[in-house]
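**Q** One structure, pasted below without further comment.
The values are calculated or read from the model by the stated rules, or taken from the named source; none is laboratory data. Since the structure is predicted, the reported quantities are computational estimates derived from the model, not experimental observations. Heads up, the Cβs are rebuilt from the backbone with ideal geometry, glycines too, and the neighbour counts pull from every protein chain shown. When the accessible area is computed, the model is the full protein with side chains, heavy atoms only, and any ligands, DNA or RNA have been set aside. Shrake-Rupley method; radii C 1.70, N 1.55, O 1.52, S 1.80 Å.
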Amino acid sequence: MNSSNYLYDSVFGHTVDSKKSFLINKNGEMSYENFHQLVNKLANTLKFSGLKTGDRVAVQAEKSNVQIALYVATIKSGGVYLPLNTDYTVNELEYFINDSEASIVVIDSNNEDSIKKTIKDKSIKILTLNGNETGSLTSLSSKQDKVFDAVPRNSEDLAAILYTSGTTGRSKGAQLTHKNLLSNTKVLKDFWKFNENDVLLHMLPIYHTHGLFVACNLLAYVGGSMIFLPKFDTEQTLKWIKSANTMMGVPTFYTRLLNEDRFDKKSTEHMRLFISGSAPLLAETHVEFEKRTGKKIIERYGMTETNMNTSNPYDGPRIAGTVGLPLPGVELRISDNKGKEVNRGEIGIIELRGDNVFKGYWQMPEKTAESFREDGFFITGDMARIDENGYVIIVGRDKDLIITGGLNVYPKEVEDLIDEIDSVNESAVIAVPHSDFGEAVVSIVVRKKDSVNEQDIKDHLSERIAKFKQPKKIIFANNLPRNTMGKVQKSELRKKYQDLFNN
């Protein structure tokens, strides 16, 4: 396929009923035909703005039809798409733009002046795109031709760079190729049984692999439709879910829906699939969801560098507390820190190999080399074990591992036990420096009501886990800090409580 655009031709360029709705929201419906005309106008705009094959297009903009069309236009015009979290500050943007050596930057009008002052390279083209789809990008595109021939790109060419959250050190840019994205889309189509009749309720951000590649690529590939909402809102979900038959979300979506009595079997009887990811789904949420709706959520496991790796099956047991089985074409093993595979049931680091695994970190050859074994397996840093049925159970990140008095404590084991308590909403277990033990186990607990106290939690744990695993201190909080995808930011908690045991 060297003479064609590998990803665009397969995912977006195939024949679909041109009059069929691709994107649906409060502004109406956008057909596949109108979407592709917009893509072509934007592709011509990028070329008019100086985009050369392989150039990076950095985009920080609110979710809209134009923004998703801009992603497709970047791929079609031979560029590399670089989506950026809308919460990033101008200082953070400066790093991403400079590090990626972006040639075009698309930004909200409110940040245009700040970015122009911050970016020293005046050859970078700055365009604007606002949440209401106004801005210089759309003004320029309105004057462009609605026909555009895709720029040839092959399977190993870069399609996107996604920066990791950078909890330690500077953020790394994960390089994703055309093959990485297409292979994952093909696998998920079959594994989750998506087809042209599917209507996905889409409320995820599209600067993240879940909302952008998993959702948008998949629905375009099968010729389905998306109810394309700006963000999660309970009332809007209850309104639009009537017109959908599938939904992708993070655990927070599901816990908030379960707080609504209107969310029940009747309101979900037409739904064929609920998918959860990007953060751990509590087993109790999984169980409560099934009890309320009669449907079992599919929990899966993915990451920026690989897209999707495992999933609970469509047909077959969906087991609460697990992320399911390795997807077809994904090799997964659990290894010790030297790369030696551990015995079934033992905890180790997830390592992955397959067409979905990224090319390496942008301009970081040392980090890339550190992240791969000699046989090509990617070291994820996620700690897990495989149960007797072959299902993967994530226990945390290797950097979250607590070593207290020379003994290893896996936070999730302690969290799961604390979360069993009826009056506990959720918990986070972290390591805090301690003069005697090196690190002490500390738990931050969010209560449903104040009836549970520190002693109650200690009593619950005392008969269930070894003493060295039990928290030296239990702290009650109103909430846990999370990023935009719902992941608890333990690095913030560690920083906040780092002096807890200093006298």
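**Q** Kindly indicate whether S100 is within 24 Å of the chain's Cα centre (by Cα), within 26 Å of S4 (Cα to Cα) and small (G, A, S).
**A** Details: within 24 Å of the chain's Cα centre (by Cα): yes; within 26 Å of S4 (Cα to Cα): yes; small (G, A, S): yes.
The answer is yes for S100.
**Q** G131 - would you say it is open to solvent by less than 10 Å² (accessible area, probe 1.4 Å), in a loop (DSSP other than H, G, I, E, B) and among the small types (G, A, S)?
**A** Considered against the rule, which asks whether it is open to solvent by less than 10 Å² (accessible area, probe 1.4 Å), in a loop (DSSP other than H, G, I, E, B) and among the small types (G, A, S), G131 comes out as no.
**Q** Checking the structure you have, find out if any residue of region 13-21 is touching a strand residue (DSSP E or B) at 6+ places or on another chain (Cβ under 8 Å) and open to solvent by less than 30 Å² (accessible area, probe 1.4 Å).
**A** Yes: one or more hits.
**Q** Find all pairs meeting these conditions: Cβ atoms under 7 angstrom apart; at least six residues apart or on different chains; first residue within region 49-67 and touching a residue at least 60 places away in the same chain (Cβ under 8 Å) and farther than 28 Å from M203 by Cβ; second residue β-branched (V, I, T) and crowded, with 22+ Cβ neighbours inside 10 Å.
**A** As it stands, the answer is S49/I104; G54/V80, since those pairs meet every condition given.
**Q** Please go through region 110-128 and pick out each residue that is part of a loop (DSSP other than H, G, I, E, B) and surrounded by fewer than 18 Cβ atoms within 10 Å (Cβ to Cβ).
**A** The answer is K120, D121, K122, S123.
**Q** Going through region 29-62 one residue at a time, which ones are assigned to a strand (DSSP E or B), open to solvent by less than 30 Å² (accessible area, probe 1.4 Å) and over 22 Å from T86 (Cα atoms)?
**A** Passing the criteria: only S31.
Let's see how each residue does on (1) in contact with a strand residue (DSSP E or B) (Cβ under 7 Å, 6 or more places away or on another chain); (2) assigned to a loop (DSSP other than H, G, I, E, B); (3) surrounded by fewer than 24 Cβ atoms within 10 Å (Cβ to Cβ); (4) of a type in the set (A, V, I, L, M, F, W, C):
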| site | (1), (2), (3), (4) |
| --- | --- |
| D145 | no, yes, yes, no |
| A159 | yes, no, no, yes |
| R170 | no, yes, yes, no |
| D190 | no, no, yes, no |
| N195 | no, yes, yes, no |
| K231 | no, yes, yes, no |
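**Q** Identify the single condition in (1) open to solvent by less than 20 Å² (accessible area, probe 1.4 Å); (2) under 16 Å from L70 (Cβ atoms); (3) part of a strand (DSSP E or B) that A174 does not satisfy, given that it satisfies every other one.
**A** Going through the list (1) open to solvent by less than 20 Å² (accessible area, probe 1.4 Å); (2) under 16 Å from L70 (Cβ atoms); (3) part of a strand (DSSP E or B), A174 breaks only (2).
**Q** Could you check, for region 209-228, whether at least one of its residues is at pLDDT below 95, touching a strand residue (DSSP E or B) at 6+ places or on another chain (Cβ under 9 Å), among the β-branched types (V, I, T) and under 24 Å from K76 (Cα atoms)?
**A** Within region 209-228, one or more residues are at pLDDT below 95, touching a strand residue (DSSP E or B) at 6+ places or on another chain (Cβ under 9 Å), among the β-branched types (V, I, T) and under 24 Å from K76 (Cα atoms).
**Q** Step by step: first the residues of region 475-503, then only those that are open to solvent by 40 Å² or more (accessible area, probe 1.4 Å) and in a strand (DSSP E or B), then the one that is nearest to L204 (Cα to Cα). Which residue is that?
**A** R482
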